[in-house]
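See below for the structure under consideration.
A short reminder: the numbers here are calculations on the coordinates, not readings from a lab. Model, not experiment: these values are computed from the prediction. Positions of Cβ are backbone-derived with ideal geometry, glycine not excepted, and every protein chain shown enters the neighbour counts.
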Amino acid sequence: MGHKYEAGQVGAQGPNSSAQGNTFNQVWQQNKNQLDLKALSKELESLRINMQNEASTAEHFSEMGAIADAEIEANKGNESKTLEYLSKTGKWSLGIAEKIGVGVATAVIKSTLGI
């Protein structure tokens, strides 16, 4: 029979596949008409400020830096760089975004993380 795969955006799929160092701009292409970079920038600022209060590990500070970089790029209107930086975040950033209720940022982070 063989393997059957159904996926959206993937870097590698199937037995013994691997991928490293990919940046997926396709996510932006799928969502660009739905995203407001100005609103996203404001939410990323709020997220960054809240992250400062909870950061305790090197990984937390790394994710906070990626959020700050994404905020800077969103302010510039640079959507591909914004998504590139958000793809470097993780579940900790996502958890705080969900907790504080920044819906646009939460949706974009989930999208860049493939969730």
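Observations
- FRET efficiency, Gln52 to Lys76 (Cβ-Cβ, R0 22 Å, nearest 0.05): 0.50
- Karplus-based coupling profile of the stretch 44-49, in residue order and whole Hz: 5, 4, 4, 4, 4, 4, with θ = phi - 60° in 6.51 cos²θ - 1.76 cosθ + 1.60 and x standing for Gly or Pro.
- Within the stretch 43-84, all pairs of alpha-carbon atoms sorted by distance into 5 Å bins from zero give the percentages 6, 27, 30, 20, 12, 5, 0.
- Summed residue charge, Cβ within 10 Å of Leu94's Cβ, Lys/Arg positive, Asp/Glu negative: +1
- Charged neighbours of Ala74, selected by a Cβ distance under 10 Å, balance to -3 (K, R count +1; D, E count -1).
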